[in-house]
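The block underneath contains the structure these notes are about, expressed in structure tokens.
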């Protein structure tokens, strides 16, 4: 019967006997756990050389001796010579030191689990009875996938006295909940409070435990019920209460998401803040609509702008010359003004335009036309935000059908 036990080897000496690939894999895992690794082998493989170059691994270039076991906390016998490995493990057992015997687990007193780390937890799988490494790894991988993708409550239940709160700025992607990153989803699962916009994967929040506080600070065009300075205050105040705060935004926080302002506010208040990037709608919305933003032989450059004010003249010129694709975020309200400015800059009236609404969600809709027709078409279709506007030859619906 195998007993599962977490062992703290940080800063403690361990012996790895052997310099081959198996020994290198086990040594790397020990280094990651913070152990001080002593490798004893006449020769070592390239992977082990990389480890020896670090400060946590020393190498004695000679044959291992059973006396090398003395004074260590843990032994890995992986020389490839079974009698030598067995002798090392026997000596370790006599000295009451746990050991792993690579290739013959029954001769050691411990087994290396297949592990996965998630949300501050380490989950390990070991075989009970006869070793079965392939099965153990398969189960570990299945558990890792479940931890990454399932709706789990991973909040810390016990924290150190006086522990500080922190803010995690999460880019939620363009809208579909399965387009948030694995790391972003993990952050939500660990959150005590979520401060959310109206965009992004807000459907995930419906499945949070009832005692996770959700604070809606979403904006719509021309309507900002919670101004940015108040959002900053909320983040700081919640973190100063010792809570783990997720600031969930649509797209990427640093692409017209005012993420920089929130980082500055937290740091000025002495609040720790982490950033988890997201998939920007500037890139993903056209992709979801089948629009390549660059295409060999058509265009090889890209301008991304926001549509709350007139577009930068350099961006207008690049699109008018058909040397770049123009992507306009938040530009529906001033669509007619942007079209006029493009035409005034020399863009052809036949230049294709596509508007992608609610990209990646079940409500996604694409309206296509040209500079001469898109305003009328958008008005007739009652196009509404959130929407991404793409201007350029790549927005021609027939582009990818010419093959």
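I'd like to know if region 345-354 contains one or more residues that are over 25 Å from the mean Cα position of the chain (by Cα), closer than 16 Å to residue 399 by Cβ and touching a residue at least 60 places away in the same chain (Cβ under 8 Å).
Taking every residue of region 345-354 in turn, at least one turns out to be over 25 Å from the mean Cα position of the chain (by Cα), closer than 16 Å to residue 399 by Cβ and touching a residue at least 60 places away in the same chain (Cβ under 8 Å).
For region 217-336, which fully contained strands (runs of 3 or more DSSP E) count at least 1 residues that are touching a residue at least 24 places away in the same chain (Cβ under 8 Å), under 28 Å from the mean Cα position of the chain (by Cα) and not assigned by TED's automatic domain parsing to the domain that holds residue 352?
244-249, 272-276
Confirm whether residue 153 is touching a helix residue (DSSP H, G or I) at 6+ places or on another chain (Cβ under 9 Å), surrounded by fewer than 19 Cβ atoms within 10 Å (Cβ to Cβ), part of a helix (DSSP H, G or I) and modelled with pLDDT of 75 or more.
no
For region 342-368, enumerate the residues that are closer than 15 Å to residue 388 by Cβ and touching a helix residue (DSSP H, G or I) at 6+ places or on another chain (Cβ under 8 Å).
Within region 342-368, 352, 353, 354, 355, 356, 359, 360, 364, 367, 368 qualify.
If only one of 184, 175, 200 is touching a helix residue (DSSP H, G or I) at 6+ places or on another chain (Cβ under 8 Å) and either buried (at least 16 other Cβ atoms within 10 Å of the Cβ) or without any contact (Cβ under 8 Å) to a residue 12 or more places away in the chain (or both), which one is it?
Answer to the selection: 175.
Scan region 216-228 and tell me whether some residue there is in contact with a helix residue (DSSP H, G or I) (Cβ under 8 Å, 6 or more places away or on another chain), more than 30 Å from residue 362 (Cβ to Cβ) and at pLDDT below 95.
yes
Being assigned by TED's automatic domain parsing to the domain that holds residue 251 and in a loop (DSSP other than H, G, I, E, B): is that true of residue 184 here?
No; evaluated as a whole, the condition is false for this residue.
Among the candidates 255, 245, 271, single out the residue that is in contact with a helix residue (DSSP H, G or I) (Cβ under 7 Å, 6 or more places away or on another chain) and within 30 Å of residue 146 (Cα to Cα).
Being in contact with a helix residue (DSSP H, G or I) (Cβ under 7 Å, 6 or more places away or on another chain) and within 30 Å of residue 146 (Cα to Cα) holds for just one of 255, 245, 271, which is 245.
The values are calculated or read from the model by the stated rules, or taken from the named source; none is laboratory data. Remember, it's a predicted structure, so these values are computed and weren't measured experimentally. Counting neighbours? That spans all protein chains shown, and the Cβs are built from the backbone with ideal geometry, glycine included.
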